[in-house]
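Quick notes on the structure that follows.
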Amino acid sequence: MHDAIREAGPGKAAENRPDPLAGTNLTDPSIIADPHPVYGALQAETPVVWNQQLHGWVVTGYEACRKAMLHPGMSVEKLDPFVRHSSAADRKNVETLGEVLGDWMVFKDPPTHTQLRRSLKDAFMPAEIRELQPRVRAIVDDLMTALPVGAPVDMVANFAFPLPAMVIGDLFGMPREELDTLKTWSDDLGKFVLASVDAEQDRIYLLAGEAARQMKARFQVLLDDHRANPRDDFTSRMIANSDGLTDDQIVHNLVLLLWAGHETTTNLIATSIHHLCRDPARFTALKDDPARVPGTVEESLRMDGPAQMLVRFAKEDLELEGHIIPKGEMVYVMLNTANRDPAMFDAPEAFDAAREVNKHLGFGRGIHMCLGAPLARLEGEQALHGLTECYASMRFAGPGTEWRQNLIIRGPRKLEVLLAG
Ligand code: HEM
């Protein structure tokens, strides 16, 4: 976890607060690979606790998480400490990083958030997204032609990553041949935004700052090009709805969309494949009854959603489930733990694609609820329709799934499977 997060929190007084997780290293690889035992035990004890290691409040109960996301006293504007933290040597790149991220709608409170979100709402309406189904399916079919049958294949690198990258690139008018470069920039930016635990801090600042600079320059060109030659894509629609926004605000939110549009969805697709491989009968069940595909995607989102946690910042002293969170303190909203809360879900540890009520929090809640949820669902569903229609079976090859070493995002880093034709 970045030192800057600690810097944002309270001072010495906090050290005396009860901390049920004291002595547990939350960045230990074994906990990252299987976080639920630790956070689930905490949820059973108390849904809101102080934690010294994260230097913030850890919220695990479903109701407490929902309230935290809907609370008007919670802010998402929490970037300043990161930028102040940087050393003189990387200050220039980090300033660019601060400028780019500082305009992202996901890090903005109203009224700026409202204005930014309005510019994109039309394009992401569920009805609009449904129309993309044939285009998404064509990309799925294309990718499947290159997957070997009967030999191990890493489904992250060869399927779950390229699918959302191609979809989002096409939607915003990014040429396919630039997607690899975009992936490198996105990964570097992700190391900062997602507080990766597998790289050292100074290097993260340097790489992410450089990626932000390059992405900003590339997306300004994309914007200029779309202004000069409008077309029927999301970039042109955003420009058409961008009254009152500066060029920087548009460009910086294009960076957000291109990043958010593939990073998280890659994890959803790979996690859904992981859950199908855990029990081969699930794959057969989908072949026999494709109507179970949406339920399978929702259950993957519930049990191992890509957004493991969200971070909020108390704008004022506020009360959450009987706890006073003082002004200025960080709050970690543990979505995946909330999604296994027995108070909300029957048999929460069971993967049940036929679950009748599945009000999981995988896409968040409130004004920042994921704008891309209909697109992510479409991609996840088309991926599973494609795989179950095309192959007789799919099972783990080798030791199984390697999970990403990340506190905020959950998803397989590598997932080798054997496909049978
Ligand atoms: C399975 C895939 C995805 C998951 C799990 C996911 C999850 C989330 C979550 C939890 C939030 C709320 C963040 C907060 O409240 O702090 C969010 C916001 C957002 N997501 Fe997604 N997302 C996914 C895919 C996408 C896609 C495909 C796009 C766009 C192409 C996208 C664009 C956004 C944007 C723009 C926001 C900010 C919305 C706002 O602040 O109003 N996401 N996402």
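A short reminder: the numbers here are calculations on the coordinates, not readings from a lab. Only a predicted model underlies this, so the values are computations on that prediction, with no experimental measurement involved. Positions of Cβ are backbone-derived with ideal geometry, glycine not excepted, and every protein chain shown enters the neighbour counts.
So here's what we get for this one:
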item	result
Residue-averaged [θ]222 nm for the chain, counting only DSSP H segments that reach four residues, each worth -39500 (n - 2.57)	-15500 deg cm²/dmol
Spin-label model distance (nm) - V357 vs E131, 7 Å beyond Cα toward Cβ	3.6
Global geometry of segment 3-420, whether rounded, prolate or oblate, following the gyration tensor of its Cα atoms and the 1.5 cut on a/c	oblate
Neighbour-count order for T145, T401, fewest beta carbons within 10 angstrom listed first	T145, T401
Links that overshoot a 21 Å alpha carbon limit, given the list K67/K121; K183/K216; K92/K191; K183/K287; K191/K216	K67/K121; K183/K287
Built amide H within the under 5 Å cut-off of L318, gap 5+	I325, K327
Per-pair calculated FRET efficiency, R0 = 60 Å: A44 and A240 via Cβ, rounded to 0.05	0.75
J(HN,Hα) series, segment 354-360, from Karplus relation 6.51 cos²θ - 1.76 cosθ + 1.60, nearest Hz, glycine and proline x	9, 3, 6, 10, 9, 8, 5
Residue among V293, V149, V251 with the largest mean-square fluctuation in a Gaussian network model of the chain, springs linking Cα atoms under 10 Å	V149
Of G23, G400, G366, the one that fluctuates the most in a GNM where the chain has Cα springs shorter than 10 Å	G23
Built amide H within the under 5 Å cut-off of Q53, gap 5+	none
Gap separating the Cα centres of segment 231-248 and segment 258-324, nearest whole Å	30
Electrostatic dipole magnitude of segment 3-420 [Cβ: Lys, Arg +1; Asp, Glu -1; Cα centre; debye, to 20]	280
For L245, distant residues with modelled amide H under 5 Å away	none
Phi-based couplings in Hz for segment 325-337 (Karplus 6.51, -1.76, 1.60; Gly and Pro marked x)	9, x, 3, x, 8, 7, 10, 9, 9, 8, 5, 5, 6
Cα gyration tensor category, rounded, prolate or oblate, for segment 191-269 with a/c compared to 1.5	prolate
Table column - 3J(HN,Hα) (Hz), segment 44-58, Karplus curve with 6.51, -1.76, 1.60, x for Gly and Pro	5, 7, 7, x, 9, 9, 7, 10, 5, 5, 7, 6, x, 8, 9
Residue among V331, V297, V357 with the largest mean-square fluctuation in a Gaussian network model of the chain, springs linking Cα atoms under 10 Å	V357
S75, S119 arranged by Cβ crowding within 10 Å, fewest neighbours leading	S75, S119
Protection-proxy order for peptides 381-387, 176-182, each taking the mean of Cβ atoms within 10 Å per residue, highest first	381-387, 176-182
Highest to lowest packing among 33-42, 267-276, scored as the average C-beta count within 10 Å	267-276, 33-42
